[in-house]
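I have placed the structure first, in the form of structure tokens, so that the comments after it can refer back to it.
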Amino acid sequence: MKKQKTKGITLIALVITIIVLLILAGVSIASLNKENEILSKAKHSKETTIRAELKEKLILSMQELQIEKKAKALLDDVTQQWLDQTIKNCECTLIEDSSINGKKVKMKKDGVVATFIIDRKLNITELEYDGNIEFSYKILQKNGINANLLITIRDKENGIKKVELPDREAMIYNGKKEEIEINYVVQLGVEYKIKITSENGEERKEIILVMPEIEVTEPIIATTTTGTTSIPDFSQIMGTPLYINFNATLGETECKIENKEDKKSIPYEITQNGVYTFIVIGMINGQTITKEVNVNVNKFKIQGGYVQYDAGDWTESEIEELKEKSQYEGYGFTFSGFTFKGNSQRTSEIETGTILTSRNDSLDDKSKSFSGWKILSVRFKNDEDGNEIKNSDGSSRIYVDSLAHAGYPEYYLHWDGDNSFTDEFVLSGGTRMLEYQNGKQGRNLEMYQDSYFSSRHAIKNIHFFGIEDAKNPDGSVKIPMQIDLSAPSIFWLATAYYNGYFGLNAWHPNNPTSWYGEGASRAFGVKPIVSLTENVYIYSGNGTKEDPYILQVE
């Protein structure tokens, strides 16, 4: 009797079949996941587009309301009736919420809901989350590359069911309605995803990202590279080398610091006022962090700095007028030191520079020329709100009250024994005419006007340097020695130093405590002072002869 064969599959075939099925299943699952990811992205993209469309509708409606109200629309004009009339093709609901400083508008289209806040200035902002779950956090401390946070969570209506944080097990709260505080440590520059679930199933997802910040110490501006305290403002003569120095750290790492313009590192040498910008660069967790640091320098003296001001040249008619007045003759004075261009009788003196033709120039002891004007006094101004007025670069705007001639443009040779009253009168322009009757005429100082400032009505007055320009109410010298009004010798004051004494006195720039009376047997000169209106300020320049301050009129 023959045995009948039983048909079936072997164990090996079964194993191979199972493996094939697993591979196919894996491919199918991967395809499904990919499809789900694509669908998810498409859904998110659609939601983003619709939310942007809804916000644009609300913004356009608000613009139309402003036009209708002639730019005087108020928050009270935003009503449900107005929303229904102006916004079409979507559902709009106005929500009055006393907890916010404004009104809430909920808009819905194609299943997408967006919520917006309209504040009292009619600015529109979108709420990313509009549920009952409250979430916030604050940074308690930064420690190196980490930050200690205090997270605050609450759902006062439904209560919190659980909170899920990275690197922690889910925290269960069983519907707790009281405020929940969680201490949590995060790494700077790293995202942490948080999920909060209420007892009713509502979810809120948040991302915590604490970016590292560059910490900068207070800049030190000193006379040495190792100075530890800053010198006072306006304490240094223009051109003196000073050094800017400060430290910067990112986490526990020192940062690189370099000047934005020339890439030089600190300590950074400077010789003039201004705003200096530095780029600070640090690395943390593979990220490069940069920060701009502006250092405002006002350490150099503004008073005494050279300024661009052009009083022009002497004219022949002006010289003749001065001669006709005979102010320099008969009283021990010799008309000296200046003339007009093209004076053929004094050609050699003009060519050798021992006599001047410009009202901006002067001679120092009849041997060398000295040109230019200097700032005598400055001030700062505040706006209507009491804030100091700044330039566009953030530096303090410096307003100039008065200018002084850098030298003395008119020379007199004065000998002992002359009438002091007459001396003072010659130089004061007749300001004390009633004190003496000598028939001499006063001086016209309009010749010292700069055409730019004159045309803009920025010149208040012009007068000769008097004691009121150099003396404080208590009698002390107002002008610091470092101003150096040059030439470096004594010059005449138009008004007397001592009360009740009308004799001529002169102030010696090289010794600010010394006051000289009349009777010095040498060359003296006078200094014109230009007082400016309150709207003249320093626009550019560094106050040196090579780069004088440029003034502008507001």
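The values are calculated or read from the model by the stated rules, or taken from the named source; none is laboratory data. Keep in mind that this is a model prediction, so the values were computed, not measured. Glycine gets a Cβ as well: all are built from the backbone with ideal geometry, and neighbour counts include every protein chain shown. The accessibility values were calculated without ligands, DNA or RNA, using every heavy atom of the protein model including side chains. Shrake-Rupley method; radii C 1.70, N 1.55, O 1.52, S 1.80 Å.
Remarks
- Looking across region 186-232, the residues that are of a type outside the set (Val, Ile, Thr), farther than 30 Å from residue 243 by Cβ and part of a strand (DSSP E or B) come down to 187, 191, 192, 193, 195, 198, 203, 204, 205, 206, 209.
- One residue from 217, 224 being without any contact (Cβ under 8 Å) to a residue 24 or more places away in the chain, out of contact with any Ser or Thr (no Cβ under 8 Å at 6 or more places or on another chain), farther than 15 Å from residue 136 by Cα and among the polar types (S, T, N, Q): 224
- Candidate set: region 69-103, residues that are assigned to a strand (DSSP E or B) and free of Cβ contacts under 8 Å to residues at least 24 places away in the same chain; chosen: the one surrounded by the most Cβ atoms within 10 Å (Cβ to Cβ): 92
- Figure legend. Inter-residue proximity from region 289-315: first residues crowded, with 17+ Cβ neighbours inside 10 Å, second residues among the small types (Gly, Ala, Ser) and at pLDDT 90 or above, beta-carbon distance below 6 Å, spacing 6+ or different chains. Indicated pairs: 289/282.
- Residue 249, sole failed condition from (1) closer than 30 Å to residue 287 by Cβ; (2) part of a loop (DSSP other than H, G, I, E, B): (2)
- Close Cβ contacts (under 7 Å, 6 or more residues apart or on different chains) running from residues in region 272-285 that are open to solvent by 20 Å² or more (accessible area, probe 1.4 Å) to residues that are of a type in the set (D, E, K, R) and assigned to a strand (DSSP E or B) comprise 277/292; 279/258; 279/292; 281/256.
- Contacts under 6 angstrom Cβ, first residue in region 140-165 being part of a loop (DSSP other than H, G, I, E, B), partner among the charged types (D, E, K, R), 6 or more apart: 144/252; 156/177; 158/199; 159/176; 159/177; 159/199
- Condition met for residue 274 (among the small types (Gly, Ala, Ser) and more than 20 Å from the chain's Cα centre (by Cα)): no
- Spans of strands (runs of 3 or more DSSP E) in region 254-330 with at least 2 residues modelled with pLDDT under 90: 274-284, 287-297
- Cross-chain or 6+ apart pairs with Cβ under 6 Å, region 346-361 first and touching a residue at least 12 places away in the same chain (Cβ under 8 Å) and within 17 Å of residue 407 (Cβ to Cβ), then in a loop (DSSP other than H, G, I, E, B) and open to solvent by 60 Å² or more (accessible area, probe 1.4 Å): 357/341
Okay, residues lined up against (1) in contact with an Asp or Glu (Cβ under 6 Å, 6 or more places away or on another chain); (2) closer than 30 Å to residue 188 by Cβ; (3) surrounded by fewer than 18 Cβ atoms within 10 Å (Cβ to Cβ):
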residue: 227; (1), (2), (3): no, no, yes
residue: 231; (1), (2), (3): no, no, yes
residue: 239; (1), (2), (3): no, no, yes
residue: 242; (1), (2), (3): no, no, no
residue: 258; (1), (2), (3): no, yes, yes
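- Residues that are surrounded by 14 or more Cβ atoms within 10 Å (Cβ to Cβ) and over 46 Å from the mean Cα position of the chain (by Cα), drawn from region 176-209: 176, 177, 197, 198, 199, 202
- Residues located in region 134-151, provided they are open to solvent by 30 Å² or more (accessible area, probe 1.4 Å) and of a type outside the set (Phe, Trp, Tyr): 134, 136, 138, 139, 140, 141, 142, 143, 145, 146, 148
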